[in-house]
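Chemist: Structure provided below as structure tokens; questions to follow.
Laboratory data are not the source of any read-out in this text; all were calculated from the coordinates shown. Being a predicted model, the structure only gives us computed values, none of them experimental. Using ideal geometry, Cβ is built from the backbone for each residue, glycine included, and neighbour counts are taken over all protein chains shown.
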Amino acid sequence: MNIIQGAMLGLAITMSCFACSAQDTMIPMKQIARDAQLSARATLPANEAAIGRTSEAFSGAYASSGFVLPPPAAKSPRTVSTGFFLLNGLHLGMAVFDIEMTQHCIANGHCVEGNPLMPASHAGQLGVNFALVSYSTFISYRLKKRESKLWVLSPIVGISAHTIGVASGIRNR
């Protein structure tokens, strides 16, 4: 770095320190007070009849002060449930079983890999299948989180495909 670049860098750092001094910041007290009033209005009931109903329904400090408690949030079903683990775990298990059956059959010389895109090595097949099962599980999770009934489609398709592969390996044993 030459002298001119160093001087310009020092000047830029010095100017940024003067421009962003923490002592010159102004706290917007009027805006804070206005926001507090708006949030208080949002939680206060519109009329006195609502205050009477809240004091009948609830007892304690909230009802006596005139505030209305918001309704409890609706509970959504669990995304990761027993069924989710069962289907996606079965998909993973069938994928590994399919690889092992295929490798055993290829080693004995009775069959060849039916998928032309699948690598011939054991590690390559494991890597590709783990990536596909992981992606399938991710898609299944996202669909179930959105409460879609289609979340079961991804693991069922994978289980079906690997079941066909295992059946082919058993037949050509």
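Chemist: Roughly speaking, what is the stretch gain from Ile139 to Met118, that is 0.36 nm per residue apart minus the C-alpha to C-alpha distance, in nm to one decimal? Let's see the in-between values first.
Modeler: Working: separation 21, 0.36 × 21 = 7.56 nm, distance 2.17 nm.
Length difference between fully extended and current span is 5.4 nm.
Chemist: I would also like to ask the following. Could you give the nm distance between label points at Ile164 and Val80, where each point is 7 Å from its Cα heading toward the beta carbon?
Modeler: Roughly 3.2 nm, to one decimal.
Chemist: Could you calculate the FRET efficiency of Ala33 with Ala73 from 1/(1 + (r/R0)^6), where r is the beta carbon distance between them and R0 is 25 Å, rounded to 0.05? Can you show the working numbers first?
Modeler: On the way: r = 29 Å, r/R0 = 1.17.
Plugging the Cβ-Cβ distance into 1/(1 + (r/R0)^6) gives 0.30.
Chemist: Additional query: Per 0.36 nm of contour for each residue apart, how much would the distance between Leu132 and Glu147 grow if the chain were fully extended, relative to their Cα-Cα spacing?
Modeler: On the way: separation 15, 0.36 × 15 = 5.40 nm, distance 2.26 nm.
So the extension gain works out to 3.1 nm.
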